[in-house]
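Have a look at the structure below, then the notes.
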Amino acid sequence: QVQLVESGGGLVQPGGSLRLSCAASGSMFRLQRMGWYRQAPGKQRELVAAISSGGNTNYADSVRGRFYISRDNAKNTVRLQMNSLKPEDTAVYYCNKVPPWVDSWGQGAQVTVSS
């Protein structure tokens with residue numbers, strides 16, 4: 001029953017930056033491990049970044065050093081700062097709990113990296 005709304009996607013040239021935001025409306029947000037997932041056409045959805053309730057982070061090898069996840073428990077938000085974007089980062093990005101609530105996937109934010 002958790003509602004998650006992503007925002008901040010768009011078209012960016014290679015090497016550019018973009019910041020995604022996720023607004024959560026469910027209860028107990030501050031106690032949940034949260035993450036950003038992405039899915040490109042024809043590929044499986046993958047977890048690219050995660051953050052614990054205490055602020056510990058984990059990143060997929062493909063984004064480590066370029067993407068940074070953060071959270072603001074007071075505002076019930078999770079952010080993903082994406083730097084040095086590459087064409088292979090093109091995908092729909094979703095936020096969700098880690099492990100995810102199956103029934104809580106939102107529409108996601110489209111990120112397109114192209115010249």
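Computed values, structure above
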| read-out | value |
| --- | --- |
| For the chain, with +1 on Lys and Arg beta carbons and -1 on Asp and Glu, the positive-most of Asn76, Gly8, Ser115 along the dipole | Asn76 |
| Linear extension gain, Arg45 paired with Thr77, 0.36 nm per residue minus alpha-carbon span | 9.4 nm |
| Sites Thr112 and Asn56, calculated FRET efficiency, Cβ-Cβ separation with R0 25 Å, nearest 0.05 | 0.25 |
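Every number in this text was worked out from the coordinates using simple rules, so none of it is lab data. Fair warning: this is a prediction, and the values are worked out from it, not measured in the lab. We place every Cβ from the backbone using ideal geometry, glycine too, and count neighbours over all the protein chains shown.
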